[in-house]
Amino acid sequence: MKNAAFRAHTNIALIKYWGKEDETLFIPMNSSLSLTLNELYTDTFVSRLDEGAKDSFILNNHEQSEEETKKISKFLDLFRKEAGISSAFRVESINHVPTAAGLASSASAFAALAGAMNQVTGLQMDPQKLSTYARRGSGSSTRSLFGGFVEWQKGTSSEDSMAIPIDPADWDIGMVIVAVNKTAKKISSRLGMKQTVETSPFYPAWVSSAKDDLIAIKEAIHEHDFKRLGEITEHSAMKMHGSMLGAKRPIIYFEPDSMKAIQTVKKLREEGLLCYVTMDAGPNVKVLCRLSEAEKIKQKLLEDFTEEQVLISGPGPGIRPLTDNE
Ligand code: PMV
C-alpha cells in the first residue's frame, strides 16, 4: 500500500470564470485570474488499496455517500487511465474552508487530490500539466496548483486549458473574507453557469468584457497598481452577477448581509481607504485590500458581523506534499 498527502490552498478569482464551452472537459468560455489565499486550504491523504477493494472518500472525518464517492472515483479514473492501473484508493480530506459556502472549497479540494494522485501513481506530471487534471474536478481548482496571482488560460483543447503563475503577490495585498452564510449554497456553480449561458442575454457581453479585463488586470499586477487592480476586480464580479440576474429564472447569490458588507466597503472607500469587493457562487463577500489595511477593514466589518465571520488572509502558496508530522 502506497500513500501520499498534499496540501492545496483555495483561490479567489479576480477575473471570474463563469460558463463552460465544453461541459465534459471543463473548458471555460473565458480565461480567468485569481489570488491564492494562505488561510484557506485542504489537506488530502490518499492510499492505494489492495486489488478488489472499492474507492472510499472521507471528508472532514465523515464517510461520504455513494453518490459523493462516485464523483471522486470519476476524477480518480483520469489518473488510473494515465498510469495504466485499476486499483482503488482511499481518499481522506480535511477542509480548512467552510464547505460549499461560496468560499471555493472545491478549488483546494481537487488541487490537493490531484497532487496526491500524481504522487501515489508515480505519474510525476509537472504542475502545469497537473492543472489540466485538477480542472476536470472543478474549473476553479485549475488555478489552485500555484501560489500568488494565477491565470487559467482558456486554451484551445483539454491539453492546453491550464494554469500559469503570473506573479508571486509578494507585495502589500490581501483579502478580508466575510462568511455571510456558511451553509451549503442553493444553486451549484455548474447549474448556475449552464442557466446563465443558455438563457441570459447579458452573457455574450460578459464573455467579451472578461477578455479586456484580463489584459487590463495583468498590466495592473505588473505595475503593482492596487487601485486599478481593485477596480477591475470589483467590476468583473458585478458583471458576472449581472449576467446571472439576466438569466431566465434569475440566479441571485446576494443576501441582505452580502449587501451590508458591500455597503461597508463602499463607505470605507468614500473615506479614502482603498478596498474592493468580489463575490462568487454564494453570498459571502471577499474584500480585496492592502494586507497592511486589512485589520482596519475587519474592525469596521465587526460592527455588523461576528469575529467568527470575518477572516483576514494574505496570499498563499501552490500545492505541496505534507510532511509526516503535519
Ligand atoms: O469551478 P467551480 O465550480 O468552483 O466554479 C467557480 C465559479 C466562481 O467561483 C464563481 C468563479 C471563479 O472563477 O472561481
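Values in this text are rule-based calculations from the coordinates and carry no lab data. As the structure is a computational prediction, the values presented were derived from the model and not from experiment. Note that we place each Cβ from the backbone using ideal geometry, even for glycine, and neighbour counts take in every protein chain shown.
Things worth noting here:
- A Cβ-based charge dipole, computed about the Cα centre of the chain with Lys and Arg at +1 and Asp and Glu at -1, lands at about 720 debye.
- Between helix 105-120 and the chain: long-axis angle, C-alpha atoms, 0 to 90°, nearest 10: 30 degrees
- Per-selection Rg to Rh, the chain - Cα, Kirkwood hydrodynamic radius: 0.96
- Residues whose amide H lies under 5 Å from that of G318, counting only those 5 or more places away or on a different chain, are G147; hydrogens are built 1.01 Å from N in the peptide plane.
- Selection of GluC sites (Glu not before Pro), the stretch 208-253, meeting DSSP coil and at most 10 other Cβ within 10 Å: E223
- Spatial separation of Cα centroids for the stretch 122-148 and the stretch 252-326, in angstrom: 26 Å
- Close amide H pairs (under 5 Å, H built 1.01 Å from N) link S56 with F89, R90, V91, residues at least 5 positions away or on another chain.
- J(HN,Hα) series, the stretch 283-296, from Karplus relation 6.51 cos²θ - 1.76 cosθ + 1.60, nearest Hz, glycine and proline x: x, 5, 10, 10, 10, 7, 8, 7, 4, 5, 10, 4, 4, 4
- For the stretch 202-296, lysine pairs separated by 8 or more sequence positions, or belonging to different chains, with Cα-Cα distances below 14 Å total 6.
- Sorted by Cβ neighbour density within 10 Å, fewest at the top, the residues R135, R290, R143: R290, R135, R143
- Rounded to the nearest 20, the Cβ-based charge dipole of the stretch 174-326 about its Cα centre (Lys and Arg +1, Asp and Glu -1) stands at 560 debye.
- Cβ crowding within 10 Å ranks H241, H96, H222, H9 as H222, H96, H241, H9, fewest other Cβ atoms first.
- Alpha-carbon centroid distance for the pair the stretch 179-239 / the stretch 1-63, whole angstrom: 21 Å
- Here the Karplus curve 6.51 cos²θ - 1.76 cosθ + 1.60, taken at θ = phi - 60°, turns the phi angles of the stretch 123-129 into couplings of 5, 6, 6, 6, x, 5, 5 Hz, with x standing for Gly and Pro.
- Charge dipole magnitude, Cβ of K and R +1, D and E -1 - the stretch 1-121, Cα centre, debye nearest 20: 200 debye
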